[in-house]
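Structure, as C-alpha cells:
Computed from the coordinates by the stated procedures, all read-outs in this text should not be read as laboratory data. Just so it is clear, the structure is predicted and the values come from calculations on it, not from any experiment. Virtual Cβ from ideal backbone geometry, glycine too; neighbours counted across all protein chains shown.
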DNA sequence: GACACTCCAT
C-alpha cells in the first residue's frame with residue numbers, strides 16, 4: 001500500500017468538510033484503519049496520525065476554501081480533535097498562529113525526540129518567525145523540549161530561524177546553564193548574518209548573573225565587539241541595569257561605571273540605574289550621593305530620578321523621609337506623575353497606612369492625574385492585605401465601572417486575597433471571570449489556587465487545578481512542583497507518595513532540578529510506604545542529576 | 001532589552 005493511497009482513502013472515510021467541529025476517538029480511528037488496511041498502519045505513533053490528518057485537510061482546503069484552524073491531540077484522553085472553521089476574511093491570522101502554536105507545542109511535548117523531526121517536517125504548516133517564537137514561548141518551562149524543537153527545525157527544507165527565535169532559545173539554553181549551546185548558537189547567528197545583537201548579549205549576561213557569575217556577565221559585555229556587535233551607551237546602560245537589578249551595584253559601579261562612564265558618555269539614565277541599584281539594597285544615602293555627583297556633572301534629574309529616590313525611601317522603611325520627599329517634590333514643582341502616586345499608594349499601604357494610601361489615591365484624581373491599572377493594583381492589593389478582601393473587591397468593581405481595564409496582576413491580587421481569606425469559591429469565580437475577560441490565568445494564578453487548596457487540605461482540588469493548567473495554555477513551573485510535592489505528604493497516604501514520585505520525575509523531565517531536600521523527602525516517603533522499586537528508580541535519577549546544574553532561574 | 005509604579009512564601 002502506498003502512502004499516497006492510504007491518505008486518500010482515509011480522506012474518503014471522514015467527511016471533515018461537512019462539519020465545523022469534528023472529533024474521532026482513538027479507537028474509532030484504529031478500527032477504521034485496521035478494518036480497511038489490516039495491521040500495516042501504525043496508529044501507535046500520534047505524530048504519524050497528526051501529519052496524515054494535516055495533509056488530508058490541507059488537500060481538502062485547497063478545493064473547498066475551508067481553513068483548518070487546529071488539530072489537537074489532547075491528553076490525557078486519547079482523542080483526536082480536528083477543528084475546522086470557515087473563513088471569509090484573512091483577518092484572523094493572529095488567532096491562527098496562536099492555535100497553531102498551541103498544537104505544535106503539544107506535538108513537541110508528546111513526541112518521542114527521535115520521531116520529532118519527521119513529524120515537524122511532515123506538518124504542512126508554513127513556519128514563520130512569529131509562529132516559531134510563539135511555540136518557544138509555550139515551551140518556556142520545558143527547556144529540553146524547546147531546544148529539541150528549535151534544533152530539528154534548523155534542518156527544515158523551507159524555513160530558516162529568525163534572530164528573535166535565536167534569542168529566545170539562547171535564553172532557554174542559558175537558563176539551563178548549557179553555555180556550550182549558548183555560544184554555539186551565537187556563532188551560528190553570526191555565520192548566518194542575523195546577529196548577535198546587543199539584545200542577545202543582554203540575555204546572555206542576565207543568565208550569567210542569574211547563575212551567580214556577574215564577573216562573567218561583565219566579560220560578555222566586554223567581548224561584544226569580538227563577536228561582531230557594536231557597543232554603545234544603550235548596551236552600556238543595559239549591562240549596568242542587569243547588574244544593579246541583581247543587587248550587584250557595587251560591582252556595576254566600581255568595575256564598570258567608574259571605568260567606562262567617560263568612554264560611553266554616561267547620561268541621566270546611567271545615573272538613574274546606579275541610584276536605583278543602591279535603593280534596591282536599601283542604601284538610599286549612596287543613591288543620593290551618586291545623584292549629587294550627577295548634578296555636579298551638569299546633568300538634570302528627571303521625574304524618573306525622583307521616583308527612584310521616593311521608592312528608595314519606602315523600601316528602606318523610611319516612611320517619614322518618603323513623605324517629606326514627596327512634599328518637596330511638590331514644592332519644587334516637579335511634575336508629579338502617575339508613577340509617583342502609585343509609589344506613594346503602595347508604600348503607605350504595605351506599612352498598613354491604609355488611610356493615607358487612600359488619601360493619596362483620591363488626591364491624584366483631584367490633581368488631574370488618572371490612576372493607571374498599576375495604581376489600582378497597588379490600592380487593591382493593600383486593601384486585600386491590610387484592610388479586607390471585601391473592600392479590595394469593591395474597588396475592583398469600581399475600577400471596571402470607571403472604565404479601567406484590569407490586567408493579570410489585578411486578577412492575581414484579588415484571587416490571592418480571596419484565597420487568603422479562605423473564600424476559595426469566590427476565588428474560583430474570579431478565575432473563570434478573568435478567562436471570559438480575555439485574561440488567561442498564568443502560572444502565578446494557578447500556583448496561588450493550588451497552594452491554598454492544598455493548605456486547606458483539599459489535595460484533590462489542588463491536583464485538579466494542576467491538571468487544568470496542563471490542559472490550558474500554561475505549563476507548571478518550579479514553584480508549582482514544589483508546592484504540589486509538599487502537599488503529597490500531608491495525608492500520609494501511600495498513593496500520594498507515588499504521585500509525589502511521579503511529579504518529581506516529571507519535573508526533572510521538564511528541565512527543573514529538584515532540591516536535595518525534595519529528593520530525600522520523596523525517597524524517604526516511598527521507602528516508608530514500601531515503594532522500594534520506585535524509590536530505586538528515583539535514586540538512579542538523582543545520581544544523574546548531580547551532574548546537572550544546581551538551580552534554574554525562570 | 002537603557003531607568004521609575006502593580007503579582008508568593010519560604
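A compact table of results
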read-out: Residues residue A:155 and residue A:232, FRET efficiency given R0 of 25 Å [Cβ-Cβ distance, rounded to 0.05]; value: 0.10
read-out: Residue A:506 paired with residue A:126, simple spin-label distance in nm, labels 7 Å along Cα-to-beta-carbon; value: 3.7
read-out: Cα centroid of region A:275-291 to Cα centroid of region A:189-230, whole Å; value: 27
read-out: Gain in span if fully extended, residue A:115 to residue A:180, counting 0.36 nm per residue against the direct Cα distance; value: 20.9 nm
read-out: Prolate/oblate/rounded call for region A:334-463, Cα gyration tensor, a/c under 1.5 rounded; value: prolate
read-out: Label-to-label distance, nm, for residues given as residue A:544 and residue A:222 (7 Å Cα→Cβ offset); value: 3.9
read-out: Peptides A:452-464, A:274-286 ordered by average Cβ neighbours within 10 Å, highest first; value: A:274-286, A:452-464
read-out: Residues in region A:308-347 that a label on residue A:370 would reach, taking backbone N under 15 Å of a point 7 Å out along Cα→Cβ; value: A:338-339
read-out: C-alpha center-to-center spacing [region A:325-390, region A:104-164] in angstrom; value: 46
read-out: Simple label model, 7 Å out from Cα along Cβ direction - residue A:464 to residue A:327, nm; value: 5.4
read-out: Length gained when the stretch residue A:191-residue A:429 is fully extended (0.36 nm per residue, less Cα-Cα span); value: 80.5 nm
read-out: Whether region A:249-309 is rounded, prolate or oblate, judged on the alpha carbon gyration tensor where a/c under 1.5 counts as rounded; value: oblate
read-out: Anisotropy class of region A:107-159 from Cα gyration tensor, a/c 1.5 cut; value: oblate
